[in-house]
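A quick write-up on the structure given underneath.
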Amino acid sequence: MIKAILFDIDGTLLDFSAAERCAIEKAFSKFGLGEFSPEKAQKYSEINLRHWEMLERGEITKNEVLLLRFAEFLKYLNCDSAAPNEVNDYYESIIADKVAFIENAPEICNDLAKDYDLYCVTNGSLTAQTKRLKNSGLDKYFKQIFISDEIGFEKPSIQFFEPVLKAVHREKSEIMIIGDSLTSDMKGGNNAGIKCCFYNPQGKAVEGDIKIDYEIKSLGEIYAVLENESKI
């Protein structure tokens, strides 16, 4: 029976794509990066995702992610008038202030917090993620918030999950992670030896050796998953 739930944040409870697009559009205006377009925003999103995946594989550091993503994007724009670190700092400040929920995330967290211990497990900037959680009001539902910047390791590393498991203090069979990323959330759950619920609204193919216990297309399906677990 599940007693503790580890929630990913971006793409699971908070709509990171909406925040990302807003921040990039504002950066175009702030730094004179040319005419903004959805295609350019999509290009940045692809660059950003690729660098975070490199971090998950241990190929680059967190600081390198923050700078290299904008160095590559500015090169793509043929822009040499803006410094990657300045664009990144501004972008992070906008991301922190922009809050958009995935479906009815606040109501679901409010419901689940009555019967389960909820924890937040997220990769990202300590300052930005802490502010986003506070601004969203979701922070009050979590017994504890774990951010990779503070831990010193990123999901899916077992080193990220070791302090999480210690704090949760439950049997691994009583813990479930819910997230939208195969490479960080589900792989991390596998590494930690806990149950995995894949939030997959876009119907991504599950490849490789990643083990998933449940797959849901909407957050509301979590209730059925937990009901099923209560019978085990």
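The values are calculated or read from the model by the stated rules, or taken from the named source; none is laboratory data. Note that the coordinates shown come from a computational prediction; the quantities given were computed from them, not determined experimentally. Neighbour counts run over all protein chains shown; Cβ positions are idealised from the backbone, glycine included.
So that you can scan it fast, the table gives a plain yes or no per residue for (1) surrounded by fewer than 19 Cβ atoms within 10 Å (Cβ to Cβ); (2) in contact (Cβ under 8 Å) with a residue 24 or more places away in the chain; (3) touching a Gly at 6+ places or on another chain (Cβ under 6 Å); (4) within 24 Å of Asn191 (Cβ to Cβ):
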residue	(1), (2), (3), (4)
Ile9	no, yes, no, yes
Leu13	no, yes, no, yes
Ala27	no, yes, no, no
Gly32	yes, yes, no, no
Leu67	yes, no, no, no
Asn85	yes, no, no, no
Tyr90	yes, yes, no, no
Glu103	yes, yes, no, no
Given (1) basic (Lys, Arg); (2) crowded, with 18+ Cβ neighbours inside 10 Å; (3) farther than 26 Å from Ser218 by Cα, number of the condition Lys75 does not satisfy: (2)
Breaking point among (1) farther than 27 Å from Gly220 by Cβ; (2) in contact with a Ser or Thr (Cβ under 8 Å, 6 or more places away or on another chain), for Ala167: (2)
Selection count, region 95-107, where residues are assigned to a helix (DSSP H, G or I) and under 22 Å from Ile5 (Cα atoms): 3
Lone unmet requirement of (1) part of a loop (DSSP other than H, G, I, E, B); (2) under 24 Å from Gly152 (Cβ atoms) for Glu92: (1)
Residues within region 10-45 that are farther than 13 Å from Arg132 by Cβ and either touching a Ser or Thr at 6+ places or on another chain (Cβ under 7 Å) or assigned to a helix (DSSP H, G or I) (or both), tallied: 19
Hits in region 34-65 - residues which are in contact (Cβ under 8 Å) with a residue 24 or more places away in the chain and in contact with a His (Cβ under 6 Å, 6 or more places away or on another chain): none
Matching residues in region 108-139 - criterion: being touching a strand residue (DSSP E or B) at 6+ places or on another chain (Cβ under 9 Å), assigned to a helix (DSSP H, G or I) and in contact (Cβ under 8 Å) with a residue 40 or more places away in the chain: Cys109, Leu112, Gln129, Arg132, Leu133, Ser136, Leu138
Residue check, Ser45 among the hydroxyl-bearing types (Ser, Thr, Tyr), outside the structural domain of Val225 (by TED's automatic domain parsing) and surrounded by 14 or more Cβ atoms within 10 Å (Cβ to Cβ): yes
Matching residues in region 196-224 - criterion: being farther than 14 Å from Leu182 by Cβ and hydroxyl-bearing (Ser, Thr, Tyr): Ser218, Tyr223
